[in-house]
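Asker: One structure, pasted below without further comment.
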Amino acid sequence: MAKASEVKSGNVLRFNGELVSVEEYIHRTPGNLRAFYQARMRNVKTGKIVEYRFRTDEEVIICRVETNDYQYLYEDGDYLVVMDNSTFEQYNIPKLLFGNSIKFLKEGMNVTIAFESDEPIVAQLPNSVELEITYSEPAVKGDTSTSAQKYATVETGAEIRVPLFINQGDKVKVDTKTGEYMERVK
């Protein structure tokens, strides 16, 4: 147990039986009232925002979270099997931890996973990935007056919007958070 004054932004707390990540933590002293800590926290599992006021002497549980890089090996039902690059141990990670960015995941890619006492709580892909275009419609010559885009399918099966000059076989850089085309890779 720790005091509320020891909490910092970025900590993971056990709050009302749930794991929450502290996004914003401000000390407030309003006029002649007692000081308190205003916390803005995000539920790790659901992603919902929780706001709460901690008294300065209130006790909180700060969780010990270990974050490490792992290599994605293969899919196994509702889980993804990843391997620790240093110990070669394999772990089953639920697919839902990756969110929408899972559609850009390919075998052999490095991912970042946070564990809280042997339970995976957060999984992230790199901010951008390089993928090959497996299918795209050919561009029509008159469509280049504006920054027009077309749909293209990448090697993982995801469909993204790309500029008209991108063709089948090109490699592109894709933002994994938004799914948007960033640039063509030489």
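Asker: Give me the extension gain from Lys106 to Glu180: residue separation times 0.36 nm, minus the current Cα-Cα distance, reported in nm with one decimal.
Answerer: The span from Lys106 to Glu180 would gain 24.9 nm if fully extended.
Asker: Let me ask something else. Assuming a viscosity of 0.692 mPa s and a temperature of 37 °C, what translational diffusion coefficient in µm² per second does Stokes-Einstein assign to the stretch 2-62, Rh being the Kirkwood radius over Cα pairs?
Answerer: Values: Rh = 11.7 Å.
Roughly 281 µm²/s, to the nearest whole number.
Asker: Related question: Would you please calculate the Kirkwood hydrodynamic radius of the chain over all C-alpha pairs and express it in Å, rounded to one decimal? Don't skip to the answer; put the middle values down first.
Answerer: Values: mean 1/r = 0.0514 Å⁻¹.
Result for the chain, one decimal place: 19.5 Å.
Asker: Quick one: Kirkwood hydrodynamic radius for the stretch 9-107, alpha-carbon pairs, angstrom, one decimal?
Answerer: Values: mean 1/r = 0.0617 Å⁻¹.
Its Kirkwood hydrodynamic radius stands at 16.2 Å.
Asker: Let me ask another. Expressed in nm to one decimal, what extension gain is obtained for the pair Phe165 and Lys48 from 0.36 nm per residue of sequence separation less their Cα-Cα distance?
Answerer: Details: separation 117, 0.36 × 117 = 42.12 nm, distance 3.99 nm.
So the extension gain works out to 38.1 nm.
Asker: Treating only the Cβ of Lys, Arg, Asp and Glu as charged (+1, +1, -1, -1), what charge dipole size does the stretch 103-179 show about its Cα centre? Round to the nearest 20 debye.
Answerer: On the way: 8 positive and 12 negative charges, 89 e Å.
It comes to approximately 420 debye.
Asker: Only residues of the stretch 111-125 count here: report those whose backbone N is under 18 Å from the spot 7 Å along Cα→Cβ of Val81, or say none.
Answerer: 111
Asker: Compactness ratio of the stretch 72-124: Cα Rg over 2.2 N^0.38 Å, N = residue count? Each step should come with its number before you reach the end.
Answerer: Values: Rg = 10.3 Å, N = 53, 2.2 N^0.38 = 9.9 Å.
Normalised by 2.2 N^0.38 Å, the Cα Rg of the stretch 72-124 equals 1.04.
Asker: Another question, then. For the stretch 128-185, count the residues as N, evaluate 2.2 N^0.38 Å, and divide the Cα radius of gyration by that value, please. It would help to have the intermediate numbers written out before the result.
Answerer: Details: Rg = 10.8 Å, N = 58, 2.2 N^0.38 = 10.3 Å.
Its radius of gyration relative to the 2.2 N^0.38 Å reference: 1.04.
Asker: Once you treat every alpha carbon in the stretch 38-81 as an equal point and sum by Debye, what is log10 I(q)/I(0) at q = 0.14, 0.17 Å⁻¹?
Answerer: Evaluating at q = 0.14, 0.17 Å⁻¹ gives log10 I(q)/I(0) of -0.62, -0.77.
Asker: Could you tell me how many cubic angstrom of Cα convex hull volume the stretch 74-179 has per residue? The partial results should precede the final answer.
Answerer: Working: hull volume 10.9 nm³, N = 106.
Measuring per residue, one finds 102 Å³ for the Cα hull of the stretch 74-179.
Asker: Given the pairs Lys8/Lys45; Lys48/Lys173; Lys95/Lys171; Lys95/Lys173; Lys8/Lys186; Lys95/Lys150, which are separated by over 32 angstrom at their Cα positions?
Answerer: Values: Lys8/Lys45 20 Å; Lys48/Lys173 30 Å; Lys95/Lys171 26 Å; Lys95/Lys173 23 Å; Lys8/Lys186 43 Å; Lys95/Lys150 29 Å.
With Cα atoms farther than 32 Å apart: Lys8/Lys186.
Asker: May I pose another question? Given the options Leu164, Met109, Val60, identify the residue whose Cα lies farthest towards the positive end of the charge dipole of the stretch 38-186 (+1 on Cβ of Lys, Arg; -1 on Cβ of Asp, Glu).
Answerer: Leu164
Asker: With +1 assigned to the C-beta of every Lys and Arg and -1 to the C-beta of every Asp and Glu, and no other charges, what is the dipole magnitude of the chain about the Cα centre in debye, to the nearest 20? Before the final figure, lay out the partial values.
Answerer: Working: 23 positive and 29 negative charges, 180 e Å.
The dipole of the chain has a size of about 860 debye.
Read-outs throughout are calculated quantities, based only on the coordinates presented, and are distinct from any laboratory measurement. In this text, all values refer to a predicted model and were calculated from it rather than measured experimentally. Here Cβ is always computed from backbone atoms with ideal geometry, including for glycine, and neighbour counts include all displayed protein chains.
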